Amino acid sequence: MSLRPLTTPWFHGPAGHEKIWLGCAILWCFVMSLMMPYWHFRGKQNSTGEAYTVKPADFFARTEKFVASNRVGTFKNPIANALMTELPIVEPPAGGDAYLMGRMWQWYPALRLRKGETYRLHLSSLDLQHGFSLQPLNMNFQVLPGYDHVLTLTPTSTGEFTIVCNEFCGAGHHAMTGKIFVE
Amino acid sequence: MSHPSHSLSAPGAPGRVCGTTGLSVCFAAQRFIKLNAVSGIVFLLLGGIAALLLALTRWQTVHLLPVDWFYRILTFHGINMLILWILFFEVAILYFACTTPLNCRLFSRKIAWASFGMMLTGAVMVDYIILAGRADVMMTSYLPLLAHPLFYLGIILVAVGTLTGVFNFFATLYVAKRDGAYTGSMPIVTFGALAAAIIAVVTLLHGAVVMIPTFTYSMGWTAQPDPAWYRLIWWGLGHQSQQVNVCAMVAVWYLLSHITVGARPINEAVCRTAFVLYILFINLASAHHLLVDPGVGATWKIWNTSYAMYLAVLASMIHGFTVPAGVELAMREKGYTNGIFGWVTALPWRNPAFSGTALSLVIFGFLGGITGVTLGTQQINIIAHNTLRIPGHFHVTVVGGTTLAFMALAYYVIPLIFQRDFIFRGVARVQPWLFGIGITMVAFGMSFAGSMGVPRRSWDIDAQGVYGPAAHLWLGVLGMGGILAFTGLLIFALLCVGTLFFGAKIEGRAMADWGTPPALAGSQPGSLAHDHYATKGTIVLTLAFLACFAVYYFANWKALADVWPVR
């Protein structure tokens, strides 16, 4: 009885249907446990958490230098009354480093990437925590001030992609966007 | 007996014998069960009003609140629902679980007052400072976001107050054992509550470690704690506190399936081992929130997110079998033996405590459990982190699961502890269905919108220019489900409060029966105690559950494989 102390011996192993279920459940847990290391070695999408500490001012300087030496154009936001009206478009060298800075409330700068090339994308924040959410692919990574979060990324589809912020960062959070163009 | 005063069966003991169950009820415990449960329901109502406002804002067509109030009310909603309602009600459950089932009185009224006083003061402080617009930081208050110091101080007070109540629980258990108030092993309901209490201690210690330096920082006394460190420790509080809820909810499942159907655990050893697995492995769950964070490596994530080979998930899968199996066995022993599922149709579906328990189990297991494990898989989190899929998951665990189970419990707690029969009993019979269906719609709306990339905690989805009609449609489902669920919640709160004032008094007699299945002629109690293959319906249901789980799990791996390669 569930509400009364047990006065008779109650310790015995599972049997019958319970034993069958327990076996299935343990097997399933085992399968799920193996999927993650399997995907780590054989799958193509992993979050390895590669990161380095960086002062926000230093990250800002690296981003500005990256923009100055690789700028290829200007993006004008067609959405009326947007917080982000225009951004420099910057193209990193294939296989090279790209810097993307989150701040209240934009992702700076816009990036132009080539399909099939691999880039080291450095993400950091100048102020609060932000969420890097690449749409419509729906790939999401956390961005913290003080940490240079490095994603080794290979675009495999072309077009215009929007970076949305998905970590709350104040009143303009919903309008914090950025752009990645893949050719 | 060396200290007979601690036993409720001693002459002159400060308690009463329940007119319905014949169990002893300690007066001190009864008072604090009332105080904590009623406070909990008040915070539930506050959080529920906030929920309705939020649902009507995220329903993009309605878009009710202005931007600053949206984030303010969202902070208020999280705090009132996930912290205040749940903690107050859990303290009430702990006080019950350590007294009545053990025939024992509460250890100390003074400590219970201190606990309640601290929790209530802290709760009022937090709610005040949020509504005053000085703490628009969400429940998680991720640094460098900074709230007014009262916000952190209030949370610390609530946590210390809860710990004080948990101490009263442990002390009561100790005295009961020392004085021999009961013989044998404690019942499963008390055992489950004990597991919840142990996890609560570990959880609240994490809360102290993270909240105290944040409070001193907000006062300007110390430097800002590191944001990554804050996330790691905060989730030791934030995720584990939800596992306290899981434990308490499972204990309530065992309690209510026993009261409403006469079920008993089919194997006490396995059930108790499952609770021990929760205690040992649930603390790793903090990592679920750091799966796409900088600075934490793959090995750490894989080990921790799987709770060390999914041993805590295994525990939930055990309870998900043994609770319905206990119900099926009890029904078959009562003579409902037709086919595989004949017993299901004979269950007391009009008893709100039973329907609430059954809905809680199904919603928690099928929806909450499957989504939680999948989203908490290291790599799959890439396509889920901070999207609406995450609240889509936890609204079916903590709301459709825990809150609904606690509501179901109230349909017996109020008659048995407040000694009044429910008013409008016909409405009460519908309430769990309304709430359960509403919250399921909320979760579906959130999950599908989230899988289209719609972020959580966002006031608007038009400013980004990327979300199409389908995402808007699912937010509409969220909004309509929110209205339904809020209606269910409002009915629950009004019925509870109305009953306290206007319910018929039942002192000295049995409470009005909500309806339990009668034993059929010729049936034998305990006749299936040694038949280990009697739970045919449950094994079919659980294997169907496993099939759904596998389909959803691998479908998500497929979705992940379609996005850009990333390391």
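Observations on the model:
- For the range B:23-186, fraction of C-alpha pairs farther apart than 22 Å, in %: 49 percent
- Inter-label distance, A:Thr7 to B:Arg509: 3.2 nm, where each label sits 7 Å from its Cα along the C-beta direction.
- Rounded to whole numbers, the Karplus 3J(HN,Hα) couplings from phi for the range B:32-40 are 7, 5, 4, 4, 5, 5, 5, 4, x Hz, using 6.51 cos²θ - 1.76 cosθ + 1.60 with θ = phi - 60°, and x at Gly and Pro.
- Shape call, the range A:1-65: gyration tensor on alpha carbons, a/c limit 1.5: oblate
- Protein heavy-atom surface of the range B:252-393, 1.4 angstrom probe: 70% of the accessible area is carbon and sulfur, with nucleic acids and ligands not counted.
- Local charge for B:Thr371 was computed over the other residues whose Cβ lies under 15 Å away, with Lys and Arg +1 and Asp and Glu -1, and equals +2.
- Distance in nm between pseudo-label sites at A:Ala171 and B:Thr299 (7 Å out along the Cβ direction from Cα): 4.8 nm
- 10 Å Cβ neighbours from other chains, averaged over peptide B:225-231: 4
- Net charge contributed by nearby residues that have their C-beta within less than 11 Å of B:Thr538 (K/R +1, D/E -1): 0
- Per-residue shielding of B:386-393, expressed as the average number of other chain Cβ atoms within 10 Å of the residue Cβ, stands at 3.
- Accessible surface of the range B:23-186, 1.4 Å probe, proportion on carbon and sulfur as whole %: 71 percent
- For chain A: accessible area per residue (Å², 1.4 Å): 41 Å²
- Cut-off 14 Å between beta-carbons: net charge of the residues surrounding B:Ile506, Lys and Arg +1, Asp and Glu -1: +2
- Gyration tensor (alpha-carbon) shape descriptor, the range A:51-182, a/c threshold 1.5: rounded
- FRET efficiency for B:Phe170 and B:Ala519, using Cβ-Cβ distance with R0 set to 45 Å, rounded to 0.05: 0.70
- Placing pseudo-labels 7 Å out from each Cα toward the beta carbon at B:Ala132 and B:Thr61 gives an inter-label distance of 4.0 nm.
- Average beta-carbon neighbours from other chains, 10 Å sphere, peptide B:308-318: 4
- 0 to 90° range, to nearest 10: angle between helix B:469-502 axis and chain B longest Cα axis: 40 degrees
- Theoretical FRET efficiency, 1/(1+(r/R0)^6), r = Cβ-Cβ of B:Asp460 and A:Thr156, R0 45 Å, to 0.05: 0.90
- DSSP beta bridge pairing in chain A, given as percent antiparallel to the nearest 5: 70 percent
- Buried area at the A-B interface (accessible, heavy atoms, 1.4 Å probe, summed, Å²): 8200 Å²
- Peptides ranked, highest mean first, by Cβ atoms within 10 Å: ranges B:397-408, A:96-107, B:511-522: B:397-408, A:96-107, B:511-522
- Using the Cβ-Cβ distance between A:Arg120 and B:Leu473 with R0 set to 35 Å, the FRET efficiency from 1/(1 + (r/R0)^6) comes to roughly 0.35.
- DSSP assigns beta bridges within the protein assembly as shown; of those with both partners inside it, close to 75 percent run antiparallel.
- The dipole here belongs to the range B:23-186: it is taken about the Cα centre, uses +1 on the Cβ of Lys and Arg and -1 on the Cβ of Asp and Glu, and is about 460 debye.
The values are calculated or read from the model by the stated rules, or taken from the named source; none is laboratory data. From a predicted model like this one, the values you see are computed outputs, not experimental measurements. Cβ atoms come from the backbone with ideal geometry, glycine included; neighbour counts cover every protein chain shown. Side chains are part of the model used for accessible areas, which takes the heavy atoms of the whole protein and leaves out ligands, DNA and RNA. Shrake-Rupley method; radii C 1.70, N 1.55, O 1.52, S 1.80 Å.
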